[in-house]
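The values are calculated or read from the model by the stated rules, or taken from the named source; none is laboratory data. In this text the structure is predicted, and so the values were computed from the model without any measurement. All Cβ positions, glycine included, derive from the backbone under ideal geometry; neighbour counts span all protein chains shown. To get the accessible areas, we keep the full protein, side chains included, count just its heavy atoms, and leave off ligands, DNA and RNA. Shrake-Rupley method; radii C 1.70, N 1.55, O 1.52, S 1.80 Å.
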Amino acid sequence: MRVLFTVSECVPFAKSGGLADVTGSLPNALKENGLDVRVVMPLYKIISDKYDAILSFVGHINVNVGWRNQYCGVYTTKLNNIDYYFIDNKYYFDREGFYGHFDDGERFAYFSTACIEFIRLIDFKPDIIHCHDWHTGMIPFLLKYKYRYDELYQDFRSIFTIHNLQYQGVFSKECLKDFFDLGEEYFSSHLLEFNGCISYMKAGIVSADQITTVSPTYRNEIQYEFFGENLDGLLRDKSYKLSGILNGIDTKIYNPSDDKLLKYNYDMSTIEKKVLNKKDLQQELGLPINSHIPIIAMITRLTCQKGIELVQHILHEVLQEDVQFILLGSGDSEYESYFRYMEMNFKNKVRAYIGFNEELAHKIYAGSDIFVMPSLFEPCGLAQMIALRYGTIPIVRETGGLNDSVCSYNELTDEGNGFTFHNYNAHELLFTIKRAFRYYYDKDIWRRIMSNAMDSDFSWYCSAKQYKSLYEQVRTLV
Ligand code: ADP
């Protein structure tokens, strides 16, 4: 079976968060299950700068974006046995950053149409187009309504995966005509209309043959008003075609026993070497070097989703203990300045690295003891899975994929790979951190929790099989 992933970011080429990890690792797992999977994404500046030498030119076509007629170059490369295609248009993509530009609606309208049109150029006709998040939500819609009489696309089936419902790609009503040359008849509440505008996310939901989201718990949550971002009614209506498949992580990239970014590799049988990474981290960040002090870490986008405000309420109190706190992240300026302020006031205890740094992230996963992720909502979350793999014990709120991957430690049975709390309440977080501290100082118990953590399986093995059977099911739809 042939599957085309249409994505806005993908490891190793372009990453701003977990979406890129997933679109980077799932194709390989599917390939191991016998599927022919290829990936198409924009040729951002960062990719042409870094990968120019390995890209080959396939050809070019022209793509209509409403009344505009735009150049569309296609480049390709093969990496780890996967074929990647890149859509080249300097005006839209030769810029710093991937999103957040004034014309994102037009850029991803262009990309969506290009993803459909460029198939005429290549010798690969997919059975399934698998679209990811709002950037590609218009693709199933265009296939269903604009290209339905084009013979080439008759047998294509589509899957739309919601990685984060909060980001929806909502643009003014006029974009319908201006970017897609579609008439007023598509501006209706059962199609694209969303609060007087149009929504690319909604387009994917209403028109894809199947919708998936990235954990079973999030699949249920988004059908409630609190998590549904004003689409909960629609999602309840479409629940017959909505499933939740837990993401996995790339266990080759995130492998403490073979991680080239670490000075000291380790696994459970050589777990004492984890402490060497801890000292190395303390030294690199200029913190007091002491293996007995627990290090609490966060690696995260600094947005309200991630429960930063809970941390703000209790960090002062946590820092009364003998503890070190490390933050790696970037995002809302209010949160960035809060962590800078904490670092200034607790020079011996707090480090805030504001920015994106892959290498430091690996060192923090390996060198810390506790990983905090108190999210307000979390579609899946990969950071807690990575932390588990490095034997760094997660403290999470029971929501979305956090709920499906972290099980609270039970002293009576010795089961559990982390610590969890239920309500979005700062004191529940504080209590849970203090509970973790109690066990941290009992070396035997902590070792057992670390062992449970490192034994947890978050490879793609099971989830790739679920995607495969979904593809098979969708392919037979008439
Ligand atoms: P989300 O996709 O919502 O940002 P996830 O937990 O699913 O959250 O994935 C986040 C990914 O991005 C993880 O691989 C994490 O290590 C990485 N990451 C987040 N912030 C940073 C940062 N500042 N520097 C390096 N890596 C980061």
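Pairs from the list Lys260/Lys465; Lys50/Lys125; Lys45/Lys146; Lys241/Lys363; Lys90/Lys202 with a Cα-Cα gap above 32 Å: Lys241/Lys363. Every pair of different Cα atoms in the chain enters the Kirkwood calculation, which places the hydrodynamic radius at 23.4 Å. Could you compute how much accessible surface Trp460 exposes when probed at 1.4 Å, giving the result in Å² to the nearest 10? So the heavy atoms of Trp460 present about 10 Å² to solvent.
Using a probe of 1.4 Å on the protein chains alone, the accessible area found for Asp88 is around 10 Å².
With the whole protein complex present, Thr251 retains an accessible surface near 50 Å², based on a 1.4 Å probe. The relative contact order of the range 268-455 comes to 21 percent, based on Cα pairs under 8 Å that sit 6 or more residues apart. The separation of the range 92-111 from the range 414-445, counted between C-alpha centres, amounts to 42 Å. Rolling a 1.4 angstrom probe over the chain with all protein chains present gives an accessible area of which 49% lies on carbon and sulfur atoms.
Of all beta bridges that DSSP places with both ends in the chain, some 30 percent have antiparallel geometry.
Calculated mean residue ellipticity at 222 nm for the chain: -11000 deg cm²/dmol, from DSSP H runs with n ≥ 4 weighted as -39500 (n - 2.57), summed, divided by the residue count and rounded to 500. When the chymotrypsin sites (Phe, Trp or Tyr not before Pro) in the range 163-248 are filtered for DSSP coil states and for at most 11 other beta-carbon atoms within 10 Å of their beta-carbon, the remaining sites are Tyr224. Model label sites at Val275 and Lys50, defined 7 Å from Cα along the beta-carbon direction, differ in position by 3.6 nm.
Per residue, the range 75-148 exposes an accessible area of 33 Å² to a 1.4 Å probe, with every protein chain left in place. Here each label is just a point 7 Å from Cα along the line to Cβ, and for Phe57 and Phe356 those points are 2.9 nm apart.
Stretched out straight at 0.36 nm per residue, the stretch from Asn64 to Asp150 would grow longer than its current Cα-Cα span by 29.4 nm.
Once the 1.4 Å probe is applied to the protein heavy atoms, the range 357-476 comes out at 38 Å² accessible per residue. Excluding ligands, DNA and RNA, the accessible surface per residue across the range 195-345 is 42 Å² with a 1.4 Å probe.
When only alpha carbons are used to place a centre, the range 184-206 and the range 284-336 end up 40 Å from one another. Taking the centroid of alpha carbons for each part, the range 9-42 and the range 345-372 are 27 Å apart.
Within the chain, what is the longest stretch that has no trypsin sites (Lys or Arg not before Pro) placed in a DSSP loop and near at most 12 other beta-carbon atoms within 10 Å? Don't skip to the answer; put the middle values down first.
On the way: sites that count: Arg148, Lys252, Lys260, Lys347.
After excluding every exposed loop site, the longest remaining stretch is 1-147.
Here the contact order of the chain, divided by its residue count and restricted to Cα pairs under 8 Å and six or more residues apart, works out to 12 percent.
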